[in-house]
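Okay, structure first, notes after.
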Amino acid sequence: MAQSIQIHAFSIIILFVLYMSTKQQARSIRQKNRFFVALLALNGLTMSMKILMALTKGYVSGIEEVILHGSTAIYYMSSVVIVFHWLLYLHNHVKGEQTTKKYLMIAIAPYLLMSFVSIILSLAGIPVMYRIQSSGNIERYFMYGPVIFTAYIIMIGSIIYVLWHKDDLTKSEFTTLMMYLLPPAIGIFLNEAIDGAELLWPSMTVSLLIVYVNIQSKMTNTDPLTGVFNRREYERQVAYISNDKVFKRGVGAIIIDIDDFKQINDIHSNQVGDSTLVDVSQILQLSVRKNDFIARIGGDEFCMIIDSDQESILHDVINRIHQHMDIYNEEKQDQFQIHLSMGYGIFDQKNHGTFRSFLERIDKRMYQDKQLTKSNKNDE
C-alpha cells in the first residue's frame, strides 16, 4: 500500500507542476486550455481520493469511516467526469472556441445522470453500484458494469473522433491524441497482472504529460491563428543566433509582408483577412524545409530563417513561395489577388555585425520592394 501511495503522490506533484506551468501562460491561452487544466485538476483529485481510500481502508467507525465513504464516492464521480472532460478537450482542440458543445453535453448527460445517481445511492447505503465491506474492499453491484463499460465505450469513441478529424490536426497532434489511451491501457493490464498494483491513474498522468509536451506547451510559442511560431519564439531564435558562443552556422532570412492587407480587412472583412493570413502561412510552410523556421512577427508580417548559408537554397525557397502564390491566385480566379513583398539575404557577421542589424537591413529591403510594387501599379 505504501508504494502505491508514493506513486500516486509523485504523480500528483507532476500534475501540480503542469498546472502551475499552464497557469503562467497568457490569459487568452489559459482560456483556450481550460479543459486541459480541468483534466489536470480532476486527475489530481482522483488520485488524492485514492490515497485517502488507502489510508482509511478497513475503518468501520469514526471520522476515518466518513472519509473512506466520502473519498470513495468522490473517486468514482471524478473518474466519470474525467471521461466527459476528455471529450470536451478533444472537441475544443479540434473545432475551436466558436463551435457549440451542446450536442456533446446532451449526448453524454444520460451517462452522467446514471453514474451520479448510482454513486449517490451507494453512498447513502443503497448499494446499486458498490458497497464498502468491513475489510475495506469494494464489492461491486449491478450498476458498476454499465457505468464502467460506458466509460470505456466513450474513450474508444474518442479514438474514432480523432480519426474522423484527422485532416484537421497536425501529424504531431494526431499521433499524440491517438496515443492518449495507451498508457492507461498499460496501467489496466499491469493492475490485472501484478497483485496490488494501482497504476491506472499514474499512467493517466503520463498521458497528460505527453499531451502537455506535444500540444499544450506549444501554445506558448505558436501563433494561435496561423499555427506558425509567434513573436515570442522569434525573439528567442534571434537571441540564440546572435550568441556567437552558441551559434556558428550560417543562416539566411526572409521577411515577408502581405501587400495592401489593410484593404483586404476594410473591403472584405476581418474574417477574410484572418483567412488570408492562414492561407499565406500555409504557403510559407509548404515552401520551406523541415529545419527552417517561420514566425508571424506582426499583423501581416512573417519572418523565415533558413538554416543554410547558400544563396541557391535561399532562392529555391523564394521561388517556391512565388510558385505556390501563383497557383493560389489562379485558383481564386475572380476574387482579389494576394501579393507579397519580401526582403532577404544571407547573414554574414563580418559585413552585417549583429543578427538583429541584419534583420533590420532586410526589413528595409522588404519595404523597398513594397514601394516598388506600388510605384509599378501607379504607372500602369
message: Cβ contacts < 9 Å: first residue without any contact (Cβ under 8 Å) to a residue 12 or more places away in the chain and part of a helix (DSSP H, G or I), restricted to the stretch 180-193; second residue among the acidic types (Asp, Glu) and buried (at least 16 other Cβ atoms within 10 Å of the Cβ), any location; separation 6+ or different chain. Result?
response: 191/198
statement: If we keep only residues of the stretch 32-49 that are in contact (Cβ under 8 Å) with a residue 60 or more places away in the chain and in a helix (DSSP H, G or I), then the residue surrounded by the fewest Cβ atoms within 10 Å (Cβ to Cβ) is 32
message: If a residue counts only when it is closer than 27 Å to residue 176 by Cβ, open to solvent by 30 Å² or more (accessible area, probe 1.4 Å) and among the aromatic types (Phe, Trp, Tyr), which helices (runs of 4 or more DSSP H) contained entirely in the stretch 50-166 have at least 1 such residues?
response: 102-123, 144-164
query: Tally time: how many residues in the stretch 339-357 are open to solvent by less than 80 Å² (accessible area, probe 1.4 Å), under 33 Å from the mean Cα position of the chain (by Cα) and at pLDDT 90 or above?
result: 4
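Tell me, yes or no, whether the stretch 360-377 has at least one residue that is small (Gly, Ala, Ser), assigned to a helix (DSSP H, G or I) and over 18 Å from residue 262 (Cβ atoms). I'd like the intermediate steps shown before the answer.
The initial filter retains those residues of the stretch 360-377 that are small (Gly, Ala, Ser), namely 375.
Next, only the ones that are assigned to a helix (DSSP H, G or I) stay: 375.
Narrowing further to those that are over 18 Å from residue 262 (Cβ atoms): 375.
Yes, the stretch 360-377 contains a residue that is small (Gly, Ala, Ser), assigned to a helix (DSSP H, G or I) and over 18 Å from residue 262 (Cβ atoms).
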field: Residues of the stretch 153-179 that turn out to be farther than 20 Å from residue 105 by Cβ and either free of Cβ contacts under 8 Å to residues at least 40 places away in the same chain or over 20 Å from the mean Cα position of the chain (by Cα) (or both), as a count
entry: 10
field: Which numbered condition residue 185 misses (of (1) under 22 Å from residue 14 (Cβ atoms); (2) buried (at least 17 other Cβ atoms within 10 Å of the Cβ))
entry: (2)
Search result, residues across the stretch 247-287 that are more than 16 Å from residue 335 (Cβ to Cβ), surrounded by 16 or more Cβ atoms within 10 Å (Cβ to Cβ) and of a type in the set (D, E, K, R): 257
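Select from the stretch 169-179 the residues that are assigned to a helix (DSSP H, G or I) and open to solvent by less than 90 Å² (accessible area, probe 1.4 Å) and write down the one among them that is nearest to residue 82 (Cα to Cα). Lay out the reasoning, then the answer.
The initial filter retains those residues of the stretch 169-179 that are assigned to a helix (DSSP H, G or I), namely 171-178.
Subsequent filtering for residues that are open to solvent by less than 90 Å² (accessible area, probe 1.4 Å) retains 172-178.
Working: 172: 23, 173: 20, 174: 20, 175: 21, 176: 18, 177: 15, 178: 17 Å.
That would be 177.
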task: Please give the number of the condition residue 192 fails out of (1) surrounded by 14 or more Cβ atoms within 10 Å (Cβ to Cβ); (2) among the charged types (D, E, K, R); (3) closer than 28 Å to residue 6 by Cβ.
output: (1)
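The values are calculated or read from the model by the stated rules, or taken from the named source; none is laboratory data. All of these numbers come straight from a predicted model, not from anything done at the bench. Every residue, glycine among them, receives a Cβ derived from its backbone with ideal geometry; neighbour counts consider all protein chains shown. Just so you know, the surface numbers come from the protein's heavy atoms only, side chains and all, with ligands and any DNA or RNA stripped out. Shrake-Rupley method; radii C 1.70, N 1.55, O 1.52, S 1.80 Å.
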